[in-house]
1. Being at pLDDT 55 or above and either in contact with a Pro (Cβ under 6 Å, 6 or more places away or on another chain) or open to solvent by 80 Å² or more (accessible area, probe 1.4 Å) (or both) is the filter here, so list the residues in segment 287-314 that pass it.
2. Just give me the residues in segment 45-61 being part of a loop (DSSP other than H, G, I, E, B) and either open to solvent by less than 10 Å² (accessible area, probe 1.4 Å) or in contact with a Leu (Cβ under 8 Å, 6 or more places away or on another chain) (or both), in sequence order.
3. Which ones in segment 148-195 are out of contact with any strand residue (DSSP E or B) (no Cβ under 7 Å at 6 or more places or on another chain) and of a type in the set (D, E, K, R)?
4. Would you confirm whether any residue within segment 262-284 is at negative phi and within 26 Å of the chain's Cα centre (by Cα)?
5. Output the number of residues of segment 1-14 satisfying the condition of being surrounded by fewer than 22 Cβ atoms within 10 Å (Cβ to Cβ) and either more than 17 Å from ALA89 (Cβ to Cβ) or in contact with an Asp or Glu (Cβ under 9 Å, 6 or more places away or on another chain) (or both).
6. Residue under question is PHE231, and the condition is that it be among the hydrophobic types (A, V, I, L, M, F, W, C), in contact with a Gly (Cβ under 9 Å, 6 or more places away or on another chain) and open to solvent by 60 Å² or more (accessible area, probe 1.4 Å); does it hold?
7. Please go through segment 172-191 and pick out each residue that is open to solvent by less than 10 Å² (accessible area, probe 1.4 Å), among the hydrophobic types (A, V, I, L, M, F, W, C) and assigned to a strand (DSSP E or B).
8. Taking THR29, is it open to solvent by 30 Å² or more (accessible area, probe 1.4 Å), of a type in the set (Ser, Thr, Tyr) and in a strand (DSSP E or B)?
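The values are calculated or read from the model by the stated rules, or taken from the named source; none is laboratory data. Only a predicted model underlies this, so the values are computations on that prediction, with no experimental measurement involved. Glycine gets a Cβ as well: all are built from the backbone with ideal geometry, and neighbour counts include every protein chain shown. Note: accessible area is taken over every heavy atom of the protein model, side chains too, but ligands, DNA and RNA are not part of it. Shrake-Rupley method; radii C 1.70, N 1.55, O 1.52, S 1.80 Å.
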Amino acid sequence: MQTQQTAFLIFQSQGHYKALLNHQELTATISGRYRHLAESTTDLPVVGDQVTGVIYATDYFQIQGHLPRHTLIQRHNSNKQQRIQTLAANIATIFIVTSANQEFSEARLQRYLTMAWDSGATPVIVLSKTDLVSDSELTTFLDAIASVTFDSVPVITTGQTASNVAAAFKPYLTAGQWVTFVGSSGVGKSTLINQLIKEPSVLTSGIRADDDKGRHTTTNRQAYQTASGAFIVDTPGMRELGMTSSMSKVLKTVFTDIETLAQDCRFKDCQHQSEPGCAVRAAIDAGSLTPERLADFNKLAIEADYSQLSAREIEQAKVKRLMGSLKTRPTKLTQ
């Protein structure tokens, strides 16, 4: 009888897997029973998983299950046949990479932060390509980040020729730690990983100079080991990051300002539209909260609420939301 062993899943691409067992890299396959019992794609192995199984044919590993996950990074996929897509498991730190150029977007940062907090991992924002902007422009980008995070999330700045990259990331890359880099295509994720791993091997291509739009540089999910013994998971650049239903629970962590204000609203189910006694609208009128900030919050909240609903259920939810707003609006007195 073959002895069951535990390995780390280090590579995943369209049904192809590789596992690391006692420092040996093995081609891996999923057992038929494991695949049959999986109720959804979330139940199948993902890079970062500690998978259990047996060795066969000397250098093949048959995956028969995985150990409980400490964290799990997911997003909503626009592909209707696969609504929830898992990106990586057991990640301690998520580095959210954005560029100091036209690619930068506060709304996108809000989405990535929501995904990070929802996964259970700790987010760190990486502002790349800072060597290409002036000091005043850099300050503007950092102020924009602070307006989203309220200085509650660490920020690392890097440039293409920065010599202190290793030192900046060292505290997060201790032996046995798993981290990942996420962000749009072309923001510099692969370049950073190449500077941090033992043997640079990730193909990279930069952002086009004419429009700041990136090319997809990574199509697989793969873990690379650093000299310190940490593992870095490289993920595909994301053109879109859809909300999942579970993310609605952590929006208050991303929008702490709105959450704090909402506690003083007259109605507990206040929609922050035209209800009397709305503390959020009062803050907008006073200039301490921007309308755009509230619009971003509402957009993400609605998207998360609707993510797992059918078209009919979405219409019903829209009516319920509208009625909830109408019932708390002031009625007009007649003479």
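1. SER288, GLU292, LYS299, GLN308
2. Those that are part of a loop (DSSP other than H, G, I, E, B) and either open to solvent by less than 10 Å² (accessible area, probe 1.4 Å) or in contact with a Leu (Cβ under 8 Å, 6 or more places away or on another chain) (or both): PRO45, VAL46, VAL47, GLY48, ASP49, ASP59.
3. Passing the criteria: ASP151, LYS170.
4. yes
5. At the first step, the residues of segment 1-14 found to be surrounded by fewer than 22 Cβ atoms within 10 Å (Cβ to Cβ) are 1-6, 8, 11, 13-14.
From what is left, the residues that are either more than 17 Å from ALA89 (Cβ to Cβ) or in contact with an Asp or Glu (Cβ under 9 Å, 6 or more places away or on another chain) (or both) are 1-5, 8, 11, 14.
The number of residues fulfilling the criteria is 8.
6. Answer is no for this residue.
7. Selection gives VAL179, PHE181, VAL182.
8. Yes: the conditions hold for THR29.
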